[in-house]
Structures are given as C-alpha cells and as structure tokens.
C-alpha cells in the first residue's frame, strides 16, 4: 500500500469512472485499474462495484475511503509543515550590541520586532565588541550587532547598513559646508574612551593621532552625550554616526557638518556562529533592521565608490 494507491481510490470514489479518475490523477486508465486491483487484493476487500455505470463504492469501500481521505489530509499537512516551521518566529534570541550602535538603533527596531513577533523573547546586552566575540564563542549570546569589518573574524557576517560619520562642533578658520578628513586632521578631537571601536575608526579614517584636547584634562567618555556636552562647552570637535545625528535636537543639528565624497562611513553588521540553530530568528532580526533603517540613511543612495569604510 502506498499514498498513490490511496489517492487513486479517493479519486475513483469521487468521479465514479476509471477514465475520469485516471485523467484527474494524470495516469492511464490501465494503470489506475491495476493499482486499485492490487490494493483490493492487499486489503482482501472489494472497494468498487465495477458492473454498474457509474461505478458504485461498496459499503465496505466507503469506510476505507473515509480513512483514506484522513490519510491524504494528514499527508498534505505533513508536506506543508516544514514551510510553516521555517516561517515560525518564536523562542528566545540573545543579542549583544555595542553601545555606540545600541543608543540609536534599538529604539527604532525593537518595538516593531516585538509587535511583529509577539512570541519572540528578546534579551539584549550592551557590551563591547571584544565581549560580544567572547560571548558568541561561549554561547552566552546568539548574535552580535557590531561595527565591522572585525580583523581575524571567524564568524558569519551579514552587513545591515552603512552610516556616515559626521563632524559636530565649530571648525576654526573655515566656512566650508563639506569637509575632507584633512580639514580636521589638526583640530582638537574629542573621542570616546580608548579602545572604543568607533574611536579607532575615526582615528584611522581621518589619520588622527591620539592626543589630549586639553593638557590639564584626562577625560575618557563612553557616550555620545558626554562628547557633545564637552564640545558645546569647550573647544574641539567630535565625530558622530548618522543615526545619532537624526536623533539630535534642531539646535544641535545646526552644529553638524558633513564630509564631501568619498564619505567616511562605518559598516554595521550582524555576526553569529555557523552552523546555527536560530538562523530564522537572526534572519528576522536582520530583515527588521534593514526595513527600518535603510530608508532613513543617506548612505542608501550612495554608490560604493562614494564611501570609505572606516577600518578598526
């Protein structure tokens, strides 16, 4: 007995004709007749009275047909199940995000993610890139959102977006609307704490050297808010990413200057281990971030040659 035979007897019961049932099953009438006969012999029961026209399903055959229909329904459900499982977004996803990304990305994405996938439980930690790498290896988190490329990286990477790095503050002796990295190379630049990946990227892309803004002050901020407060009340500049600029007040946006092409940008990506059991959850996270962020970033309209990716 096989599913084909079960399909054949259900079709024959429906159409009451070998020719019509064979046509519906895309087989010859002879094949249909042979397969139905074999099934009757295996079950040791007559399913159809062939002497009548149209064919009549016997009383015993009717009981078998009812069970056959159930089998076919279960078979269809079984075939459909994998696609439903693949599309099912539920369970727990543990995410590590570096602070310079978390502050301006999460409030845009997480509410939509929770609304779209109400059965998804999300645990988020704001930690450094090095901690994300360590916790991915130990399994403490499932996925990291970091600035890439990361040197000597053995993880799977999916680029989410690029965002411009923009200048905040007043540059001396210039009224330029668009700047080049050389224009700020000798300015006093406020940076986040030493070792922060964004600070390293800014120093690399603008060819800066580590130096104190004020010889009497040793200050290592760990947030953009602290940086901007210092710039507002002392001399110097800082560089901030595009998403952070979008969240600034109108008064502070006036103090933001853009670079000219090619624009310094930072690359933001998901990183995770491979092979991976929670890939569909990670894919859902990536899709939500891209759908939310890409439409509001200037970099989405830029060509690759118009951007310089800040290296670590």
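Nothing in this text is a laboratory measurement; each read-out follows from the coordinates by a stated rule. If you're wondering where the values come from, they're calculated on a predicted model, not measured in any experiment. Glycine also receives a Cβ, built like all others from the backbone with ideal geometry; neighbour counts cover every protein chain displayed.
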What order, most packed first, do the peptides 101-112, 259-270 have when packing is the mean number of other Cβ atoms within 10 Å of each residue?
259-270, 101-112
Quick one: if you stick a label point 7 Å off each Cα along the C-beta vector at residue 235 and residue 75, how many nm between them?
8.4 nm
Need one number: nm distance between label points at residue 300 and residue 4, each 7 Å from Cα along Cα→Cβ, rounded to one decimal.
5.2 nm
Take each of the peptides 157-170, 2-15, average the number of other beta-carbon atoms within 10 Å over its residues, and list them starting from the highest.
157-170, 2-15
Cα pairs beyond 20 Å in segment 1-158, in percent, come to 66 percent
When the chain is fully extended, how far beyond the present Cα-Cα distance does residue 277 get from residue 90, taking 0.36 nm per residue of separation?
66.1 nm
Over all distinct alpha-carbon pairs, what is the Kirkwood Rh of segment 3-86 in angstrom?
13.4 Å
